[in-house]
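Encoded as structure tokens, the structure appears first; notes follow it.
The values are calculated or read from the model by the stated rules, or taken from the named source; none is laboratory data. Remember, predicted model here, so these are calculated numbers, not experimental data. Heads up, the Cβs are rebuilt from the backbone with ideal geometry, glycines too, and the neighbour counts pull from every protein chain shown.
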Amino acid sequence: MSSQNTETRRDVLLITGGGRGIGAAIVEGAISRGYRVAFSYRDDAKAATALAERLGADALAIRGDAANPDFAQTFFGQAEAAFGPVTALVNNAGITGGIGPFAQLAAEKLRQTVEVNLMGTMWMAQEAVRRWQAAGTAGRMVNISSVAARLGSPGEYVHYAATKAAIEALTIGLGKEVAASGIRVHAVAPGTVYTDIHAASGEPGRPARVVSRVPMARIAEPVEIANVALWLLSAEASYVTATVVTAAGGL
């Protein structure tokens, strides 16, 4: 078999919000497993560019906003132009929209949280399924949820928790809908993880405040969540779909 034919058979993974945190850990883990990876970022061009440069020619950073309904088609198009047909997708982009009581949440923050977390995931999922079904591709999708979908995050992130609960419903329903096409759809529901999402929400010290709630008595590192997502994308999870896997230290 020629090297060219071998290259065309490599998996191509898309990740939204892959420049930092859990997303960046998934990018790195996927590259180490032989994927070609295109990842999106919205604002932090410095971090995204540095990650892509460090990982080499198999990593491509693409600027775009998951909340933009036109971005999914653009993202897939640019990735496929660079690497060939996309075979896997991780919907990771997400925001908390601030921390505090639900009744005090500004309308614009609520709208933005829904658009990024839920609508962005739905638009990407639609684009993936349309392409995979048209090409007969047994694609794999992982949506990053949160244990907040089950716990509700009262007093902190009720709006965020609601979007993650919707993502889990999407995962289960869509996974069942496309299972006969050979497409697998999963979600990972992390607990608290050491990322800058806490600083962005207005409470950088939140991990230290909530660690006592975790039965394992520690906060997760991004790579621990990345490993779960990458397992779900792998052939080892070939009989798993329409499923949410919790990685929350016992919560």
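A count restricted to the stretch 206-251 and to residues that are small (Gly, Ala, Ser), crowded, with 17+ Cβ neighbours inside 10 Å and over 19 Å from Asn143 (Cβ atoms) stands at 1. So is Ala67 at pLDDT below 95 and farther than 23 Å from Leu233 by Cα or not? So Ala67 passes the test.
Take the residues of the stretch 71-104 that are under 23 Å from Ala134 (Cβ atoms) and over 18 Å from the mean Cα position of the chain (by Cα): which is surrounded by the most Cβ atoms within 10 Å (Cβ to Cβ)?
Phe83
The residues on offer are Val129, Val142, and the sole one that is surrounded by 24 or more Cβ atoms within 10 Å (Cβ to Cβ), hydrophobic (A, V, I, L, M, F, W, C) and out of contact with any Gly (no Cβ under 7 Å at 6 or more places or on another chain) is Val142.
Among the residues in the stretch 156-173, are any without any contact (Cβ under 8 Å) to a residue 24 or more places away in the chain, farther than 24 Å from Ala235 by Cβ, over 18 Å from the mean Cα position of the chain (by Cα) and in a loop (DSSP other than H, G, I, E, B)? Within the stretch 156-173, none of the residues are without any contact (Cβ under 8 Å) to a residue 24 or more places away in the chain, farther than 24 Å from Ala235 by Cβ, over 18 Å from the mean Cα position of the chain (by Cα) and in a loop (DSSP other than H, G, I, E, B). Looking at Ala138, Ala125, Ala149, just one residue is assigned to a loop (DSSP other than H, G, I, E, B) and in contact with a strand residue (DSSP E or B) (Cβ under 8 Å, 6 or more places away or on another chain), and that residue is Ala138. Annotation note: Cβ proximity below 6 Å between a residue of the stretch 235-251 that is farther than 16 Å from Ile22 by Cα and in contact (Cβ under 8 Å) with a residue 12 or more places away in the chain and a residue that is of a type in the set (Gly, Ala, Ser) and surrounded by fewer than 17 Cβ atoms within 10 Å (Cβ to Cβ) (sequence gap 6+ or interchain) occurs for Thr241/Ala179.
Applying a threshold of 7 Å to beta carbon distances and a minimum spacing of six or more residues, or different chains, the list of pairs starting in the stretch 84-106 at a residue that is at positive phi and touching a residue at least 40 places away in the same chain (Cβ under 8 Å) and ending at one that is of a type in the set (Gly, Ala, Ser) and surrounded by fewer than 24 Cβ atoms within 10 Å (Cβ to Cβ) reads Gly98/Ser201; Gly98/Gly202.
Residues that are closer than 30 Å to Ala165 by Cβ, of a type outside the set (Asp, Glu) and in contact with a Leu (Cβ under 6 Å, 6 or more places away or on another chain) number at least 1 in the following helices (runs of 4 or more DSSP H) confined to the stretch 1-102: 21-32, 71-83.
If you take the residues in the stretch 153-205 that are in contact with an Asp or Glu (Cβ under 8 Å, 6 or more places away or on another chain) and surrounded by 18 or more Cβ atoms within 10 Å (Cβ to Cβ), which one is farthest from Gln133 (Cα to Cα)? By that ranking, first place goes to Val193.
Summed over the stretch 200-251, residues that are at pLDDT 95 or above, of a type in the set (Gly, Ala, Ser) and outside any loop (DSSP other than H, G, I, E, B) total 5.
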